1. Given points 7 Å out from each Cα along the Cα-Cβ axis, report the ALA207 to GLU18 separation in nanometres with one decimal.
2. With the convex hull built on the Cα atoms of region 111-192, state its orientation-averaged projected area in nm².
3. Gap in Å between the Cα centre of region 93-120 and the Cα centre of region 163-211?
4. Fully extended, how many nm does the chain gain between TYR163 and LYS61 (0.36 nm per residue separation, minus their Cα-Cα distance)?
5. Sorted from largest down, what three extents in whole angstroms do the Cα atoms of region 90-148 have along their principal axes?
6. Counting alpha carbon pairs within less than 8 Å and at least 6 residues apart, what relative contact order, in whole percent, applies to the chain?
7. Of the listed values (i) 40, 17, 14; (ii) 37, 17, 15; (iii) 67, 15, 11, identify the label whose number matches semi-axes √(5λ) of the Cα gyration tensor in Å calculated from this model.
8. For a quick check, take a GNM of the chain with Cα springs below 10 Å and name the residue from SER151, SER40, SER181 with the largest mean-square fluctuation.
Amino acid sequence: MSATKKITKNMIVDAALEIFRAEGFDAVTSRRVALRLGCSTQPIYFEYKNMDELKDDIVKKVVSQLNEIFSSVSNEGKEDPNEFVYRSYGLAFLKFAQTDPFVFRQIYIVDGKIGRQVDDFWMPKGIDILENKYGYKKETAIAINKMASCSLMGMAVFTSSGYKKTSEEEILKSLEILFASVCAVYGPPPKLMKIEKFRNHFEKLMASFKK
């Protein structure tokens, strides 16, 4: 039994993730993972009851990657931290599609079930931002996030396809247009409108679409 424990759970997940990144979920089998680790399948089934449990941990790793990207682009901790945090949420999703296109397509295009699993972790973050940082009511926050997610998905698919390289400046401009569209339907974010800097930015943004 001690020999089995030389292969740790993290090693198993990392090996499975490497296979997934290269070939997709269908290629993640106990034999393939064991081959990559240079062991039998015994250590895998010592840590996991079945391969579905291991694949759940792969999904969690993907969500962790999304959260890391979000943290790197987020305005949190800077001046007016709430101001553009939902934009950072959208930017993180698009950067994920841009920097890891194969994984993105595997999750959201090849196997939608995996995409729904990722969204079970990721979507509540967007709703929380809209409700607690932007001041929308819960029902409105859910509706906005659903509307925004549909647009973000279209942009992300376009980005991940490699059809056209999109700069961060172009992505941010697209996110501003999306934000303006959301505000036109649901109204501006109540909490942020109390911040003069944001209010001035918002008024200029909306005025630019009336020209």
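No lab work stands behind these numbers, since they all come straight from the coordinates. Predicted model, so just to flag it, every value in this text is computed and none were measured. Neighbour counts run over all protein chains shown; Cβ positions are idealised from the backbone, glycine included.
1. If labels sit at ALA207 and GLU18, their model points lie 5.7 nm apart.
2. Mean shadow area of the hull around the Cα atoms is 6.0 nm².
3. 25
4. Full-extension gain reported as 34.0 nm.
5. For region 90-148, the Cα spread along each principal axis is 36, 21, 17 Å.
6. The value is 17 percent.
7. (i)
8. SER40
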